[in-house]
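Bear in mind that the values in this text are calculations on the coordinates, not laboratory data. Being a predicted model, the structure only gives us computed values, none of them experimental. Cβ: placed from backbone, ideal geometry, glycine included. Neighbour counts: every protein chain shown.
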Ligand code: CP
Ligand code: NVA
């Protein structure tokens, strides 16, 4: 079963296959084709947190491919204690070809993968956001042609998006530098797992955003307080203030560098309007690509490589 619980689950070949299929799917879409390659297939989405891109990109992707989707909040699915996780997973899996989960706990994704009996996709948990990272490297291949020798500088919180990007960079041989304030770095446990998985990986960990961007092809940021951390917003604003991606920081990056953000953005906090709406920003095409890469993921999971 081709689950995507986190990026650690995928091999280099898996990643390359998903990127290749996504490219074919996007080319078909660009000429107005909606090939019904997955007729009658059902995707069930179970979300504990809000979503714009992940929900709509997956629901659009499956509809374009001839399938259907069913959306449930976690409470509607019974994950609020109505019945056991294993029972919900087994029952939903018996109706579905894929289950896309957006959760707080990574363990819930792992449990679904264990019990559902259909392909399970992590549509964001507190610890990872693999579909975002896959889509982001897809966007980078469009901009740079090849990922060979490229580097991404992530400025901000060592969160779910940062973790999945780090693993994806390790898998595909990209450099990954992260600049985080004290107390908000990637955890030691994660970093040691990363180094163990990719002993040749080009990883750098710093607290200095200016040095982090100095050789970057992509400057990337995400919100300072993720979903579920709203109560820490004020505390985090103070800690992260020197980590804002603004015009001054972008000037420290090479002139060809692009700006990326997974969105949603808190404008005026982690990024200024000037950068997010500026000529180096590719945040909107980056968001569009979530749908094309969703198709790549769905087709790959069903063993369809020819679009
Ligand atoms: N980037 C992303 O996952 O966006 P949503 O939270 O809107 O799905
Ligand atoms: N780190 C953010 C990503 C949103 C797509 C969050 O978890 O809220």
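Just a few scattered comments:
- Ordering 29, 98 from the fewest to the most neighbouring beta carbons within 10 Å gives 29, 98.
- Residues 4, 282, sorted so that the one with the fewest Cβ neighbours within 10 Å comes first: 282, 4
- Look at the alpha carbon pairs under 8 Å that are at least 6 residues apart: their mean separation over the length of the range 211-307 gives a relative contact order of 31 percent.
- As an equivalent ellipsoid, the range 89-172 spans semi-axes of 29, 15, 9 angstrom, where each value is the square root of five times an eigenvalue of the C-alpha gyration tensor, largest first.
- Fraction of C-alpha pairs exceeding 33 angstrom in the chain: 22 percent, rounded to a whole number.
- Distance histogram in 5 Å bins (all Cα pairs of the range 255-300, percent per bin): 5, 20, 24, 19, 14, 9, 6, 2
- Among 24, 235, 134: highest mean-square fluctuation, GNM of the chain, C-alpha pairs under 10 Å: 235
- Rel. contact order, % - alpha carbon contacts under 8 angstrom, at least six apart, the range 20-126: 26
- For the range 66-135, the extents of the C-alpha atoms along the principal axes are 33, 31, 21 Å, listed from largest to smallest.
- Nearest-0.05 FRET efficiency for residue 306 and residue 34, computed from C-beta distance (R0 22 Å): 0.85
- Near-label residues of the range 119-151 by backbone N, under 16 Å of a point 7 Å along Cα→Cβ of residue 197: 121-137
- Cα principal axis extents for the range 1-136, largest first, Å: 47, 30, 27
- Listed by Cβ neighbour count within 10 Å, with the fewest neighbours leading, 60, 192 appear as 192, 60.
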